[in-house]
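The values are calculated or read from the model by the stated rules, or taken from the named source; none is laboratory data. These figures come from a predicted structure and were not determined experimentally. So basically every Cβ, Gly included, is an ideal-geometry build from the backbone, and we count neighbours across all protein chains shown. When the accessible area is computed, the model is the full protein with side chains, heavy atoms only, and any ligands, DNA or RNA have been set aside. Shrake-Rupley method; radii C 1.70, N 1.55, O 1.52, S 1.80 Å.
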Amino acid sequence: MDAELRPADYRAIWSDKPVLRAVYSDYYARIRAACVDGPTLEIGGGSGNMTDFARDVVSTDIVPAAWLDSVCDAQALPFADASFANIVMVDVLHHIARPARFLTDAERVLRPGGRVIMVEPGITPLSSIFFRLFHDEPVDMGEDPLDPSPPPAKDPFEGNQALPTRLFGRDRQRLAAAHPNLQLRQRQWLSLFAYPLSGGFRSWSALPAALAPALIGFENLVSPVLGPLMGFRLFAVLEKTGEA
């Protein structure tokens with residue numbers, strides 16, 4: 001996403017771009033299917049789309065908007081312990097300065113059995129070329145997603161697209177050691193064709209909206225095999241262990 005855009009900009013693009021809605025509707029459907037029963041907290045609600053796909057959602061972001069329920073920093077969530085059954089997010093984790101701090105607070109506000117469910121940029125051999133050459137956000141595989149130090153001062157809309165892939169890839173054993181009560185239940189690389197062809201939240205698209213559902217259906221069939229090689233998205237589900 002463009003660091004210069006804000007929630008109102010994303011909402012306008014979402015309304016005007018049917019191919020974008022088709023691509024992201026697949027993401028939201030996956031998220032909804034992975035949710036457990038109970039209230040859901042959305043981090044980085046942005047353009048306010050999640051509430052169209054799921055019920056009982058408290059939608060938040062780092063900046064205010066009329067369609068959001070709360071303004072908060074994901075690294076210091078203003079909610080009571082065990083408040084939510086799910087925490088959901090799309091294109092958010094890679095913007096968080098210290099993902100480790102978010103995970104600590106996410107574990108606190110989740111009920112036992114609750115889940116953190118997210119869709120993020122996925123760095124694969126093919127997508128890495130695209131993201132590095134054609135995307136405004138950096139891909140820095142050297143940044144540690146489990147750094148627990150105080151977050152640096154930065155624009156919260158700036159990000160590092162490599163963070164989710166590191167966290168759920170080569171650092172997943174460190175993740176398990178640092179957060180033993182958050183178990184990685186699912187990890188899948190998605191969006192081989194439709195997302196890059198759609199242009200995302202940019203004004204252009206190389207994919208006609210009418211063809212998007214069929215292409216998404218096809219890539220969902222082949223993503224278990226081809227996803228790790230050429231997927232552009234990473235879908236991950238963490239579950240909080242323990243008893244109520």
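The table below gives the values:
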read-out: Options Val109, Val119; residue that is out of contact with any helix residue (DSSP H, G or I) (no Cβ under 8 Å at 6 or more places or on another chain) and modelled with pLDDT of 95 or more; value: Val109
read-out: Residues (without any contact (Cβ under 8 Å) to a residue 24 or more places away in the chain and either among the small types (Gly, Ala, Ser) or farther than 17 Å from Pro64 by Cβ (or both)) located in the stretch 22-51; value: Arg32, Ala33
read-out: From the options Ala244, Ala176, Ala214, residue that is open to solvent by 60 Å² or more (accessible area, probe 1.4 Å), more than 27 Å from Pro7 (Cβ to Cβ), of a type in the set (A, V, I, L, M, F, W, C) and at pLDDT 95 or above; value: Ala214
read-out: Positions within the stretch 217-241 being buried (at least 17 other Cβ atoms within 10 Å of the Cβ) and of a type in the set (Val, Ile, Thr), in sequence order; value: Val237
read-out: Residue in the stretch 146-155 that is open to solvent by 10 Å² or more (accessible area, probe 1.4 Å) and modelled with pLDDT of 95 or more present; value: yes
read-out: Every pair of residues 6+ apart whose Cβ atoms lie under 9 Å, when the first sits in the stretch 1-18 and is surrounded by 18 or more Cβ atoms within 10 Å (Cβ to Cβ) while the second is in a helix (DSSP H, G or I) and modelled with pLDDT under 80; value: Met1/Tyr10
